[in-house]
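Remarks on the structure that follows.
The values are calculated or read from the model by the stated rules, or taken from the named source; none is laboratory data. Values in this document were obtained by computation on a predicted structure and should not be read as measured data. Cβ placement follows ideal geometry from the backbone for every residue including glycine, while neighbour counts extend to all protein chains displayed. Ligands, DNA and RNA are stripped out before the accessible areas are found, and what is left, the full protein with its side chains, is counted by its heavy atoms. Shrake-Rupley method; radii C 1.70, N 1.55, O 1.52, S 1.80 Å.
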Amino acid sequence: MMYDQTRAQQPAGQNRTPSERRTPGPEPLLPSSERDKVLQRLRHALNTFADTPRDALEEAESAYDEATAQLVTALAARRDLLRAAWADQDPESPSESDSEEFRNALRQYREITQRLLQL
């Protein structure tokens, strides 16, 4: 790849080709309000550690437990939605739209599983 001086002098994010533009990332597994609550509890634990280390550790553990429980619930709900999209379809003679739903469900399963494996 050659250095492009003109492009290097342009402000970041300008004159990008469509393939270079960032696409939005995957949908978060938890709503932002739930994530914010857990993060707030974790920050509180970190901020109070010097004064009450044991209480801070217990609060951090509780925040961890809450986050994992919420993730399990969110993942189960996502699985149920995906399954509903394809489970009732006839596997012996899928229509074109059924095949597309199967492909879409498979793509979503792959995406979620890969995200989990990157944690």
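Efficiency by 1/(1 + (r/R0)^6): what FRET value for residue 39 and residue 86, r their Cβ-Cβ distance, R0 = 41 Å, to the nearest 0.05? After rounding, the FRET efficiency stands at 0.75.
Once you list every other residue whose beta carbon is under 14 Å from the beta carbon of residue 47, what net charge do they have if Lys and Arg are +1 and Asp and Glu are -1? In short, -1. The dipole here belongs to the stretch 71-114: it is taken about the Cα centre, uses +1 on the Cβ of Lys and Arg and -1 on the Cβ of Asp and Glu, and is about 400 debye. Surface listing: 103, 78, 54, 41 arranged by accessible area from highest to lowest gives 54, 103, 41, 78, probe 1.4 Å.
On the beta carbon distance between residue 111 and residue 46, with R0 = 41 Å, the FRET formula returns roughly 0.80. Working from label points 7 Å from Cα in the Cα-to-Cβ sense, the residue 93 to residue 32 distance is 4.9 nm. Annotation: per residue accessible area for the stretch 38-119 equals 77 Å², rounded to a whole number [probe 1.4 Å, protein chains only].
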